[in-house]
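Quick one: the structure is below, questions incoming.
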Amino acid sequence: MENNFEPKIVAFVCNWCTYAGADLTGTSRIKYATNVRIIRFPCTGRIDYNLLLKAFAQGADGVIVSGCHPNDCHYTSGNFHARRRWIVFKQMMEYMGIDMRRVKFSWVSAAEGAKWADIVNTTVNEIRELGPSQEYLEMSRQGVA
Amino acid sequence: MQALHQKAKELLESGKVQVIIGYGDGSGDRVRPVFISKAESASDLIWDDRCRQNLAVYLNKPEIKKLGVPAIVATPVVVKTIIQLISENQLKSSNIVVLVVDNDVVSELTDNASLEAYSAGHPVVFPPFVVKEIKDIAEMSIQQRNKYWQDELSRCFKCYACRAACPLCYCERCLTDNNQPQWVCVASHAQGNFEWHINRAMHLAGRCVECGSCTIACPVGIPIGLLTIEASRIVKQEFGQEPGLHCDADSAMSSFKVEDTETFIK
Amino acid sequence: MSRIGVFICHCGENISATVDCEKVAKTLASMPGVAHSVDYKYMCSDPGQSLIRSAIKEKKLTGVVVAACSPRMHEPTFRKACAEARLNPFLCEMANLREHCSWVHAKGDATTDKAIDLVSMLVEKVKRNKPLFPIKVPVTKTALVIGGGIAGIQAALDIANAGQKVVLVEREPSIGGHMSQLSETFPTLDCSQCILTPRMVEVAQNPNITLYTYAEVESLSGFIGNFTARIRKKAKSVDEKLCTGCGECATACPIKKIPSEFNTGLGMRGAIYVPFPQAVPNKPVIDRSRCTYFKSGKCKFCASKCPAQAIRFDQQDEIIEIPIGSVVVTTGFNIKETSFFPEYGYGKYKDVVTGLQFERLLSASGPTLGEVKRPSDGTVPKKIVFVACTGSRDPAKGIEYCSKICCMYTAKHAMLYKHKVHDGDAYVFYMDIRAAGKGYDEFFRRAIEEDHVNYIRGRISRIYERNGKLIVRGADTLLGAQQVEIEADMVVLATAAVANDGAESLAQKLHVSYDAHHFFAEAHPKLRPVETNTAGIFLAGACQSPKDIPETVSQASAAASKVIGLFSNAELTREPIIAVVNRTAPPLFSTCVGCFMCQSACPYHAIEQEEIKTREGKLIKMVAKVNPGLCQGCGTCVAFCRSKSIDLQGYSNEQVYAEVMELLS
Ligand SMILES: Cc1cc2nc3c(=O)[nH]c(=O)nc-3n(C[C@H](O)[C@H](O)[C@H](O)COP(=O)(O)OP(=O)(O)OC[C@H]3O[C@@H](n4cnc5c(N)ncnc54)[C@H](O)[C@@H]3O)c2cc1C
Ligand code: SF4
Ligand code: SF4
Ligand code: SF4
Ligand code: FES
């Protein structure tokens, strides 16, 4: 079946690893889907889960969160704190009935340009399969009504 | 009860405390919180099975703080709450007298160690109906849970009674009152309510002492305590940390272990 | 109302080949708040930059977005250009149209649309940027070096020779560390004392170095450039100013049978002692736990013999406070004792010794004056088994890592033994030979090829005694795990190098991280190997991981150059990307409720507790406060704060929120 749906995807990434990794994807001229928009943060520790909620409320179909591998965080432990936060947030969202397959968490180092392209492409394909984000949008639509 | 009255009287007369937070006669068959600052009123204090409300919520209210050093008649969950508040730098055991009653013997828990020992020896158990609710939700599919919470939360009109009742919601400016930026939509529509309740749960993750005050306070009967109970359950399951046990514990959500594990980060 | 300038770069054709730059510039021009929007071939070129500068002036821009390559590449360039036009550099942001867009997508509408999104997002961000100013912190130009081994000695001398003040704190009565105990050193076999002693003397004589031996750091407070160190000078019971180091006291001391630490228990010392003849300072201390006077109140033989009347039984520990600008930690390592190894007799066989003990037996200044003799009976051993990797690389012993120095010193030991006992037999059990280093492989080959040391690949399983011999059992894995049994006169265990005693508590005092084995952790394993994650505190030598002398010395010089660099300015300038806790009008003073979650979250211990008091000094509340000297701007605290009372400059809540909202609008 043909699937023309172009998902909107926001990526929250840290400056030191994933942002640099995505730079390397560029310098290596590896192509990936255009659906993703990267927002730069100093560290995954800075990424507030509320931003994910807002992204979905604004109509994002998927979100990528990515930073340095464990032990590689530029600030030594921002990503360890972030990991704890995501462990709880993910389960809490699922408890409240939100499909967390729309959020992709990953560690992408500054050397993993190819991995970044792969993450984006896989995410785009998976979200395309899932279709447009519904449950969250419905909530925000009710808000407008 | 005799022993409690006697103790309360002594504490007030000696000037060691200025107010006793406890339970007294309420309307009908109910008990209500009382704040006793005169020794002659000490006999107003009640202690029986009906005394369940988490009185620790009053410890951080400015009106109560103004009265002076408090003593508090504490159920096990109050002791837990106090330990949690100490670990969050909101209280010091030296500035409060904690009274626990066991078989009409009143003891004073005066330091961190005695609070911790008491808390460890008095685990909080959920009433059967809460156990059932937890089980029911656990068995739902994610779509069913979505519907369940959407239905329940649709009644929320953001009165914030849950927030006022929770002894651990002591922020002077709640996230919801923050409009630069507006993290939580003001309106009590589906999105606004969802944002409020997931934030409340995240903020209480690893901190909620499971007293149930929030659920009791909710005027439209949303079992919102289940959300914070779940958040704390996740924390315990994933990181092995429980609130209300250690006065010098680092908050589970602002600490980490290198060995923390998950399977979803690729 | 914002007046943002947008500058779209073609980057030659790097961007314009797939992105319609003109369309991006046009679309942006109609965005609210955008006062100027142009595209240009090379924004980073001189004409490109002057385009920005003149637009700032002519259009009175309040913010600039340069949409070009990665900000990791040219952000400093464009921020500088803005500053030249008197626009605060932190009002300039970059949208990454090259690495994140044109280079990774094909030409087409989707690519141009993405470019438009990326630029609009940054426009919304920049509208909320605030002018920020670099943070200036004054610097106290005194370095504290903790630990007087070769690492500390080298670092102290380098810093002192650059004209800066150094305080060197050593917990033993003398500086020198492990190197002073070594006989000859690989790979050149020069005598350790001969190369070390002159350096030790230099330390004592350098006017820029204040040396405190028999002293320890009690606490360290403050931050980079502005630390305060509290140092405990343990009572030596000797007035150092009066003492001439004649040594009469040590001769007089009736107690003679205390195992000497310096000689690893193979020699003895008195209760008042100088650890070794070349000690710096060459002045004795009284070991109060062993001294008869301190135990029974009687004796004072030493005092009666001291010609300078320098003995002070009533001396107290002294605590001194010193302002410090920077710290170098050089507390070294230790080795596991033989008692850690049950399979090798729990240390009960006198002739099973550690490598360090063997160094003392080889040393001309050692207990045997350099003759290799068995500790048990003083005879010359005719057959010695050396065991490399004793404990190291053994997860069962909790030591997964390689101790790095043992392969080399074991080869050295076997070689030196053969040089001294020509008819002796030397066997080495090893797992792998790790001899990477200049002249290292050649060195161990010499042991095999010229000195005929027998190398057997395999682990040993047991050592036990039979008829006065030590039976060493093992397997030769190169011969199909064939059992080998050697009747030895002596066994030398190259026991694992481990973190020094007290490393963990020192790390906690200094707020620096340490690894699972209590070695101090470097800020970055590749790019910042001598820094810790606490600004202004550096590391060198074996306290970071086991290492040999050349590596230790190069790290020490590297750490010293970091300190000298730091001290080369009167003030430190730091990027203002730091967290700030809000302050509001009374009665709130701040929305912070003092839960201090942020404090435990901060990787840099940058968050302090501040008391807010009434004019009469009554405490109103405790709130968090970020120390701008320590904060590195990760923003971890910001995401934790429930009441959103702490925010990160440059990545504030309002800024990132606006980015998300704009992107999906
Ligand atoms: C058996 C053996 C043989 C070796 N042979 C060689 C060789 O031939 N060639 C070679 O290159 N390397 C050799 N090495 C390695 C060499 O010893 C080390 O590289 C070197 O000693 C490391 O120096 P350091 O200053 O880092 O540590 P150390 O020498 O351990 O010095 C640390 C100093 O810090 C002091 N200290 C510790 N804690 C504190 C504290 N809290 N406060 C104040 N002071 C403190 C200690 O007392 C000590 O003086 C050998 C090692 C061993 C064990
Ligand atoms: S049960 Fe409700 S009121 Fe009690 S601590 Fe938890 S969240 Fe707060
Ligand atoms: S986390 Fe927020 S409220 Fe808590 S101490 Fe820090 S700044 Fe204050
Ligand atoms: S931004 Fe990072 S370094 Fe700065 S105070 Fe917050 S947690 Fe600490
Ligand atoms: S800097 Fe990349 S995760 Fe912290």
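The values are calculated or read from the model by the stated rules, or taken from the named source; none is laboratory data. Since the model is a prediction, treat every value here as computed from it, not as a measurement. Glycine gets a Cβ as well: all are built from the backbone with ideal geometry, and neighbour counts include every protein chain shown. Side chains included, ligands, DNA and RNA excluded: accessible areas come from the protein's heavy atoms. Shrake-Rupley method; radii C 1.70, N 1.55, O 1.52, S 1.80 Å.
Assuming R0 = 60 Å, what is the FRET efficiency of B:Ser14 and C:Asp441, from their Cβ-Cβ distance, to the nearest 0.05?
For B:Ser14 and C:Asp441, the calculated efficiency is 0.15.
From the protein chains alone at 1.4 Å, what is the descending order of accessible area for B:Trp183, C:Trp103, largest first?
C:Trp103, B:Trp183
How many Å³ per residue does the convex hull of the Cα positions in chain B occupy?
156 Å³
Here is a follow-up. Please list log₁₀ I(q)/I(0) at q = 0.22 Å⁻¹ for segment C:101-200, using the Debye equation with identical point scatterers on the alpha-carbon positions.
Reported log10 I(q)/I(0), two decimals: -1.09.
Okay, next question. Residues of B:151-159, mean number of Cβ from any other protein chain within 10 Å of their own Cβ, rounded to a whole number?
0
Same structure again: With the radius of gyration and the Kirkwood radius both derived from the Cα set of segment A:18-76, what is their ratio Rg to Rh?
Rounded to two decimals, Rg/Rh equals 0.99.
Starting from the eigenvalues of the Cα gyration tensor, five times each then square-rooted, give me the equivalent ellipsoid semi-axes of segment C:307-359, largest first, whole Å.
39, 23, 12
Additional query: Under the rule of at least 5 residues apart or a separate chain, name every residue whose amide H is placed under 5 Å from the amide H of C:Val328.
So C:Val328 has HN proximity to C:Leu144, C:Val145, C:Ile146, C:Phe538.
Excluding residues fewer than 8 places away in the same chain, name every one of the lysines whose C-alpha is closer than 30 Å to that of C:Lys165.
Counting by Cα, and skipping residues close in sequence, C:Lys165 has these lysines nearby: C:Lys136, C:Lys141, C:Lys233, C:Lys234, C:Lys236, C:Lys241, C:Lys283, C:Lys509, C:Lys526, C:Lys547, C:Lys562.
Any idea which of C:Tyr604, C:Ser590, C:Gly629 is furthest toward the positive side of the dipole for segment C:579-648, if Lys and Arg beta-carbons carry +1 and Asp and Glu beta-carbons -1?
C:Ser590
Any idea what the dipole of the protein assembly as shown comes to, in debye rounded to 20, about its Cα centre with Lys/Arg Cβ at +1 and Asp/Glu Cβ at -1?
So the magnitude is around 1760 debye.
How high is the relative contact order of chain C, in percent, with contacts defined as C-alpha pairs under 8 Å that are six or more residues apart?
It comes to 12 percent, rounded to a whole number.
What is the dipole size for chain A, taken about its Cα centre, with +1 at each Lys and Arg Cβ and -1 at each Asp and Glu Cβ, in debye to the nearest 20?
Using Cβ point charges on Lys, Arg, Asp and Glu, chain A gives about 380 debye.
Once phi is turned into ³J(HN,Hα) by the Karplus curve 6.51 cos²θ - 1.76 cosθ + 1.60 with θ = phi - 60°, what whole-Hz value does each residue of segment C:249-254 show in order, with x for glycine and proline?
4, 4, 5, 6, 4, x
OK, next. Give me Rg over Rh for segment C:281-393, both radii from the alpha carbons and Rh done the Kirkwood way, two decimal places.
That ratio is 1.10, to two decimals.
Still on this structure, I have one more. By what distance, in whole Å, do the Cα atoms of segment C:82-143 stretch along each of the three principal axes, largest value first?
For segment C:82-143, the Cα spread along each principal axis is 59, 29, 20 Å.
Sequence-distant or interchain residues sharing an amide H contact under 5 Å with B:Ile20, placed H: which?
Amide H neighbours of B:Ile20, under 5 Å, 5+ apart: B:Ile36, B:Ser37, B:Ala71.
Then there's this: How would C:Ile175, C:Ile319 rank on accessible area, largest to smallest, probe 1.4 Å?
I get C:Ile319, C:Ile175, largest accessible area first.
Per the Cauchy relation, a quarter of the hull surface: what is the mean projected area of the convex hull of the alpha carbons in segment B:59-174, in nm²?
10.0 nm²
Keeping all protein chains in place, calculate the accessible area per residue for segment C:212-256 (probe 1.4 angstrom), answer in Å².
Counting only protein heavy atoms, the per-residue value for segment C:212-256 is 44 Å².
Heavy atoms only, 1.4 Å probe, whole protein assembly: order C:Lys418, B:Lys66, B:Lys16 by accessible area, highest first.
Putting C:Lys418, B:Lys66, B:Lys16 in descending order of accessible area: B:Lys66, B:Lys16, C:Lys418.
Provide the descending list of Cα extents for segment B:128-254 along its principal axes, expressed in whole angstroms.
Cα spread of segment B:128-254 along its principal axes, largest to smallest: 38, 37, 24 Å.
What dipole magnitude, in Debye to the nearest 20, does segment C:248-305 give about its Cα centre under +1 on Lys/Arg Cβ and -1 on Asp/Glu Cβ?
For segment C:248-305, the charge dipole is close to 260 debye.
Something else: Can I get the semi-axes of segment C:409-466's equivalent ellipsoid? Compute them from the C-alpha gyration tensor as square roots of 5 times the eigenvalues, in angstrom, largest first.
Ellipsoid semi-axes (Å, largest first): 20, 16, 8.
Let me ask something else about it. Considering every residue in B:180-193, what mean count of other chain Cβ atoms within 10 Å of its Cβ is obtained?
Mean number of neighbouring Cβ atoms from other chains: 6.
Say the dipole of the protein assembly as shown comes from +1 at the beta carbon of Lys and Arg and -1 at that of Asp and Glu; which of B:Cys166, C:Val145, A:Leu137 then lies farthest toward its positive end?
Going by the charge dipole, the pick is C:Val145.
Once both axes come from the Cα atoms, what is the angle between helix C:71-84 and the longest principal axis of chain C, in degrees from 0 to 90, rounded to 10?
60 degrees
Give the angle, between 0 and 90 degrees and rounded to the nearest 10, that separates the Cα long axis of helix C:46-58 from the longest principal axis of the Cα atoms of chain C.
Roughly 60 degrees, rounded to the nearest 10.
Would you compute the Debye intensity of segment B:1-127 from its alpha-carbon atoms alone, equal scatterers and no solvent, and pass along log10 I(q)/I(0) at q = 0.13, 0.16, 0.21 Å⁻¹ to two decimals?
-0.48, -0.74, -1.33
Translational diffusion coefficient, Stokes-Einstein: compute it for chain A using the Kirkwood radius over C-alpha pairs as Rh, at 20 °C and 1.002 mPa s, and state it as an integer in µm² s⁻¹.
Answer, rounded: 138 µm²/s.
Here's something else I'd like to know. Using θ = phi - 60° and the Karplus form 6.51 cos²θ - 1.76 cosθ + 1.60, what ³J(HN,Hα) does each residue of segment C:633-640 get, whole Hz, x for Gly and Pro?
So the J values, rounded to whole Hz, are x, 6, x, 4, 4, 5, 5, 7.
Helix B:128-139 versus the longest principal axis of chain B: what angle, 0 to 90°, nearest 10, using Cα atoms?
The answer is roughly 20 degrees.
Quick one: Debye curve from the alpha-carbon atoms of the protein assembly as shown only, equal weights, vacuum; give me log10 I(q)/I(0) at q = 0.09 Å⁻¹ to two decimals.
-1.17
Over the alpha-carbon set of segment C:579-648, divide Rg by the Kirkwood Rh and report the Rg/Rh ratio to two decimals.
For segment C:579-648, the value is 0.98.
Just to verify a number: what accessible area does B:Val31 come out at with the full protein assembly present, 1.4 Å probe, Å² rounded to tens?
Number for this one is 30 Å².
Could you go through segment C:351-360 in sequence order and give the Karplus-derived ³J(HN,Hα) for each residue, using 6.51 cos²θ - 1.76 cosθ + 1.60 with θ = phi - 60°, rounded to whole Hz, and x for Gly and Pro?
With coefficients 6.51, -1.76 and 1.60, one gets 8, 9, 10, 8, x, 5, 5, 5, 4, 5 Hz.
Moving on. Specify, per residue and in Å³, the volume enclosed by the convex hull of the alpha carbon atoms belonging to segment C:1-156.
It is 164 Å³ per residue.
What Rg and what Dmax come out for segment C:335-498 when only alpha-carbon atoms are used, in angstroms?
Computed over the Cα atoms of segment C:335-498, radius of gyration and Dmax are 14.6, 44 Å.
Please state the Cα pair-distance histogram of segment C:248-305 with 5 angstrom bins from zero: what percent is in each bin?
Over segment C:248-305, the share of Cα pairs per 5 Å bin runs 4, 20, 31, 25, 14, 5, 0 percent.
Here's a follow-up. Would you mind checking which residues have amide H under 5 Å from C:Ile258's amide H? H placed 1.01 Å from N; only 5 or more apart, or other chain.
C:Arg269
From other protein chains only, count the Cβ atoms within 10 Å of every residue's Cβ in A:92-103, then give the mean.
Per residue, the number of nearby Cβ atoms from other chains is 6 on average.
Along its principal axes, what span do the Cα atoms of chain C show, with the longest given first and each in whole Å?
97, 73, 42
Counting only C-alpha contacts under 8 Å and six or more residues apart, can you give the relative contact order of segment B:128-254 as a whole percent?
Relative contact order of segment B:128-254: 24 percent.
Another one. In whole Å, how far is the Cα centre of segment B:192-264 from that of segment C:81-156?
The distance from the Cα centre of segment B:192-264 to that of segment C:81-156 comes to 36 Å.
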